[in-house]
Amino acid sequence: MDHLDKLENKSIHILREAYSEFDNLAMLWSVGKDSTVMLWLARKAFFGHVPLPLVHIDTGYMIPEMIEHRDKLAREWELEMIYGVNEEALEENRTFPEGDATHLECCENMKTEALKRTLDGSWPRYRLNHNTGEYELDDNKEPYTGVIVGGRADEEGSRSKERYFSARDENNDWHVSEQPPEFWSQYKTDFAPGTHVRIHPILDWTEVDIWEYIQRENIPIVSLYFDQGEGERYRSLGCYPCTDTVESTARNVEEVVDELKSGKFSDIAERDGRAQDEEDGGGLESLRREGYM
Ligand code: SF4
């Protein structure tokens, strides 16, 4: 087996383990490259069918191509697609930059709170009806007690502290120093009632691994990652007011792989273009301790 085969095998093992051990499981899909690779791995793990809902948190500031890509793949791959949004904060202008919130307050409102309330079922969820092609209010208000997430340890400092199976307490708080070790592919999957578990099947993958796998498997990726002729592209995708492009002439997956391997970005963090990281002291730990992904 080569390097990518080993990564793929481990991720598929974790996905199957999660599915067999937890009820009411959902998978978060941001539509970025990492969670799209994770979704691809889930299709492989379960023989083409993804047997759990895909949850997308719409911040109200998503780049429109991301929503189009989400819905295109959701239809083609017949995904159980759900989204949640903090409608109150949008209506009350508790956002950035249009409203009166700072970056961090906006992220707390539109990402952390929206995620928490979407997962616990206390706010409306919208489900794609494959017959009409439209989203409808979801009748199912059951809480999702576990969520599969496409975080990678090398992407950002606080993510490197995650386990494959990471627990959050009943308040969604993350007790970083109390996490059990995960030696020799042995994972703790029994947790106290009320625990919310995040599962990270691609924790070990690097940015180059992700792109080489996209290349090998020919995974459909949103075109925002490629230069459209203006000498720039997104290296990491997020909300349009807070995400900058990088200078790049990479027009396709092969050229992105070559660019990354050339070392062009070796001194520039992958999430350098994300404004909210800087406002959180250069990392995301305070946001992530409170539930941010
Ligand atoms: S990334 Fe920007 S627009 Fe998106 S939720 Fe955070 S502050 Fe708001």
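The values are calculated or read from the model by the stated rules, or taken from the named source; none is laboratory data. The shown structure was predicted, so the numbers you read here are calculated from the model rather than taken from an experiment. In this analysis, Cβ positions are derived from the backbone assuming ideal geometry, glycine residues included, and neighbour counts consider all displayed protein chains.
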TODO: Sort through H3, H49 and tell me the only one that's at pLDDT below 95 and over 16 Å from V149 (Cα atoms).
DONE: H49
TODO: Any chance you could count how many residues in segment 79-103 are at positive phi and acidic (D, E)?
DONE: 0
Open item on the list: Residues that are within 14 Å of the ligand (Cβ to nearest atom) and of a type in the set (A, V, I, L, M): does segment 40-56 have at least one?
Closed with: no
Task: Per-region count, segment 120-135, residues at positive phi and surrounded by fewer than 16 Cβ atoms within 10 Å (Cβ to Cβ) - done: 1
Open item on the list: Looking at V222, V256, V246 in this structure, which one is under 11 Å from M66 (Cβ atoms), of a type in the set (A, V, I, L, M, F, W, C) and not assigned by TED's automatic domain parsing to the domain that holds R43?
Closed with: V222
Task: Residue that is modelled with the lowest pLDDT, among those in segment 59-98 that are more than 18 Å from the chain's Cα centre (by Cα) and acidic (D, E) - done: E98
Task: Total residues in segment 110-135, condition assigned to a loop (DSSP other than H, G, I, E, B) and touching a Ser or Thr at 6+ places or on another chain (Cβ under 8 Å) - done: 1
Open item on the list: Return the residues of segment 99-142 that are over 14 Å from Y61 (Cβ atoms) and of a type in the set (G, A, S); say none if nothing qualifies.
Closed with: G121, S122, G133
Task: Every pair of residues 6+ apart whose Cβ atoms lie under 8 Å, when the first sits in segment 52-64 and is farther than 12 Å from K111 by Cβ while the second is among the aromatic types (F, W, Y) - done: L52/Y19; P53/Y144; L54/W29; V55/W29; V55/Y83; V55/Y144; I63/Y240
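Any chance you could count how many residues in segment 136-176 are in a strand (DSSP E or B) and surrounded by fewer than 17 Cβ atoms within 10 Å (Cβ to Cβ)? Before the answer, list the steps.
Restricting attention to segment 136-176, the residues satisfying the condition of being in a strand (DSSP E or B) are 136-137, 146-148, 165-168.
Keeping just the survivors that are surrounded by fewer than 17 Cβ atoms within 10 Å (Cβ to Cβ) gives 136-137.
So the answer is 2.
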Task: Complete set of residues in segment 221-253 that are part of a helix (DSSP H, G or I) and more than 23 Å from the chain's Cα centre (by Cα) - done: none
Task: Identity of the residue in segment 225-243, under 17 Å from S262 (Cβ atoms) and either touching a residue at least 24 places away in the same chain (Cβ under 8 Å) or in the same structural domain as K44 (by TED's automatic domain parsing) (or both), that ends up nearest to the ligand (Cβ to nearest atom) - done: R235
TODO: Please give the number of the condition L79 fails out of (1) near the ligand (Cβ under 10 Å from one of its atoms); (2) part of a loop (DSSP other than H, G, I, E, B); (3) among the aliphatic types (A, V, I, L, M).
DONE: (1)
TODO: Determine whether segment 99-114 contains at least one residue that is more than 10 Å from the ligand (Cβ to nearest atom) and not acidic (D, E).
DONE: no
TODO: Find the residue count for segment 105-162, including only residues that are without any contact (Cβ under 8 Å) to a residue 24 or more places away in the chain and polar (S, T, N, Q).
DONE: 7
